[in-house]
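*Asks:* The structure under discussion is supplied below as C-alpha cells; questions concerning it will follow.
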Amino acid sequence: MSASPQGTTRPFKGSKSGSVHNPAMEVKIDQHFNTKVYTSGSTIAGHVAVRPLKDTAFSSFDIVFVGISATRLDFVQQYPSHSFRPFLKIRMPIQESDLPGDRVFRTGREYKIPFHFVVPHQLTIGACNHTCLSQNVRERHLRLPPSLGAWAADDQAPDMTQIEYAINAKAVQHGNGAVTKVMEAHHILKVLPALPEDAPLDITFRDEWYKLSKTKTIRKSLFSSKTGQFTASAIQPSAVMLSADGHKSSMTSVRINLEYAPSSAETAPPKINSVTGKLVSTTFFSAVPVDHLPNLGSRTNCESTPCLNYTTNHSLFTLPVESVSWMQQDVSLRSRRDSGYSSTVVDGDASESDSSERRRRHSSKGKSSKKPKLSTIKHTTDIEIPFTVTNTNKKLFLPSFHSCLISRSYTLQLSLSVGPTNTAISLSVPLQIGVETVYEPQGHELPSFESALAQAEEEEADAYLQPRMIHIPQSGPREHNALPGYNELSRRTIDVA
C-alpha cells in the first residue's frame, strides 16, 4: 500500500463517472452513457483518441483498466491521513501498427488506439498480500468491490472512502534516467460486480453488532407484578439480490420465533402490537489493511489497526399484528419425556413401589412451607415478514462486501411492541445484499469456465434424453410401383439407432 503525502489533491467524493476533459487525449468507450453500470463479465471496449496540439515525442504508450481504493483518517496522528491501495491493474497489449512508427504524435492528425477489457469475476492473488486471520477473510478480499463515490445517488458511505474504477491512458518519454509523462487521460466507470449469497453468519455472544434473541418481562401495568417472560428470536433472512444494473431487487423475509412463559397457567399470551424494521448500513474503513471481518466480534475490535465506521439508517416497514395463533405446550411433560420417565406399567411390584414413593413425596410437600406454584405451560408461535430493499435516484444500497481497506455490511433492526405496556424488544439481525451473476457474451468474448461447464452438462443431458428412433432402411430401387410381397418384407431388418 502506498500512502500519499499531506496536501494531496486527489479527490474524495467528487469524481463522478465520465472522462476528464483533455483536448489532446480522450478515452472513448463504445456504447457508453453516464448512467451505465458494468458488472462482472461486461466488455469495456473503445479507443483512445490522440489529437496533439504540438508534435509530441514519446517512448511508450499504456492503456490500463485500474481499480483503486482510498481512505482518509482524520485525527489519527500515527497513521497517514490518506491511503491508496490499487487492487486491479489490467494492461492492454497495443499493436505497433496502432502507434506512429517514429514515436511522435504529429499535430493536426488524430490517432485512434483501440482497447478491449472484460471486467473480471475475481481479483488476482496478489491483490491481497497482507496477513489475514483466516482463509475466509482472504477470499472476501479477493472479490471485486463495488464503486464507491462515483454514483449520482447517495451510496451511504462517508467522504473519507472511495473505490474507483477507470480506464487510464498515458504516453511517457524516457530520457536522462528519468520518466516524463507527456500526455494522460482517464475515464471513470461505475462497476457493480457480481457478488453471491454467502452462508449465514455464525453469530455468538462475542459478536456485539448483532442480537438474534432477547427476553423481556411482561407486566399488566408499570408497577404490577410480572405476568410472564416473553422471548423473541429472529432467523437470518436470505439475501436481497440486486440485478446487475442495481435497478431491481428480489424479495426476502425474516422469521421471528416467539415464546411466552406465563407465571400462571391461566395467563393468556400478550398481544403483539406492532413490528418495526429498519436497515442500518455500516461502512468500515481503515488506513491499513484489516486482517478480520470488522462486523464480527467486538465493536472495538481494531485495537492494533484503527478501524472507523460510518452508519446510516433507513426505515423499511412498520406493521401492525392483527392476530397470531399460539401453540400451547406443557414443559413438564416434555421434560419428563426427555429424562426417560414413562407412565407405562411394566411390573406390578415396581408400580406399587412408585405409588408409595409418590405418596411419600406428596406428604412431605404438605408438611413443608407453601411456595408459589410455577406454571409449566409455554406458548409458542412465529411470524414471517416479507420485505425488500429498493434503490432510488436519491439513495443507493450497494452490495455487502469486504475489501482490504473498506467494508460494507447491513443490519436489520427489528423492534416488537408487546403487551399492554408496549414493552419493546429489539433484535439486530445480519442481512446480506448481493448482486446476480449475469453472463452476456459480446463480440469475441469467451464464456467463463462456470457457464461453459453448465452449457456442456445441459447439452449432455439433452442428448441422453433424446428418444431412440426406430426406422426401416430403404431398399434398393424398384422397377415398378407394385407393393412388396410377404417374403420380401420378412427379409427386411430393423435397425435401432
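*Asks:* Mind listing the phi-derived Karplus ³J(HN,Hα) values for region 218-230, rounded to whole Hz, using 6.51, -1.76 and 1.60 with θ = phi - 60°, and x for any glycine or proline?
*Replies:* These are the phi-based 3J(HN,Hα) values: 9, 10, 6, 9, 5, 10, 7, 6, 6, 9, x, 10, 10 Hz.
*Asks:* Which entries in Lys214/Lys248; Lys112/Lys394; Lys211/Lys378; Lys190/Lys214 show an alpha-carbon gap greater than 30 Å?
*Replies:* Lys214/Lys248; Lys112/Lys394; Lys190/Lys214
*Asks:* At 1.4 Å probe size, with every protein chain present, just tell me what the per residue accessible area of region 25-191 comes to in Å².
*Replies:* About 47 Å² of surface per residue is accessible.
*Asks:* Between Ile94 and Ile125, what FRET efficiency follows from the Cβ-Cβ distance if R0 is 22 Å, with the result rounded to 0.05?
*Replies:* Step by step, r from the Cβ atoms, then E = 0.25.
*Asks:* Pull up all non-local amide H partners of Asp30: gap of 5 or more, or a different chain, and H-to-H distance under 5 Å with H placed in the peptide plane.
*Replies:* For Asp30, whose amide H was placed from the backbone, the distant partners under 5 Å are Ala45, Gly46, His47.
*Asks:* Using 0.36 nm per residue, how much length does the chain from Thr312 to Asn34 gain when fully extended, once their Cα-Cα distance is taken away?
*Replies:* Working it through step by step, the gained length comes to 97.4 nm.
*Asks:* Report, to the nearest whole %, how much of the accessible area of region 25-191 belongs to carbon and sulfur atoms, 1.4 Å probe, protein only. Please report the intermediate quantities before stating the final value.
*Replies:* Numbers: 3910 of 7770 Å².
Ligands and nucleic acids excluded, carbon and sulfur reach 50 percent.
*Asks:* A further question on this structure: Using alpha carbon centroids, what distance separates region 191-230 and region 131-153, in Å?
*Replies:* What the calculation gives is 27 Å, centre to centre.
*Asks:* Here's a follow-up. Cα atoms only, region 25-191: Rg and Dmax in Å?
*Replies:* Here Rg and the maximum Cα pair distance are 18.5, 58 Å.
*Asks:* Please turn the phi angles of region 234-249 into ³J(HN,Hα) values with the Karplus equation 6.51 cos²θ - 1.76 cosθ + 1.60 (θ = phi - 60°), one per residue in order, whole Hz, x for glycine and proline.
*Replies:* Each residue's phi maps through the Karplus curve to give 9, 9, 4, x, 5, 6, 8, 9, 8, 6, 4, 9, x, 7, 10, 9 Hz.
*Asks:* Please report, for the Cα atoms of region 254-334, the Rg to one decimal and the Dmax as a whole number; what are they, in angstrom?
*Replies:* In order Rg, Dmax, the Cα atoms of region 254-334 give 21.0, 60 Å.
The values are calculated or read from the model by the stated rules, or taken from the named source; none is laboratory data. Note that the structure is predicted; figures quoted are calculated from it, not measured. Please note: Cβ atoms are built from the backbone with ideal geometry, for glycine as well, and neighbour counts cover all protein chains shown. Quick note on the areas: whole protein, heavy atoms, side chains included, nothing else; ligands and nucleic acids left out. Shrake-Rupley method; radii C 1.70, N 1.55, O 1.52, S 1.80 Å.
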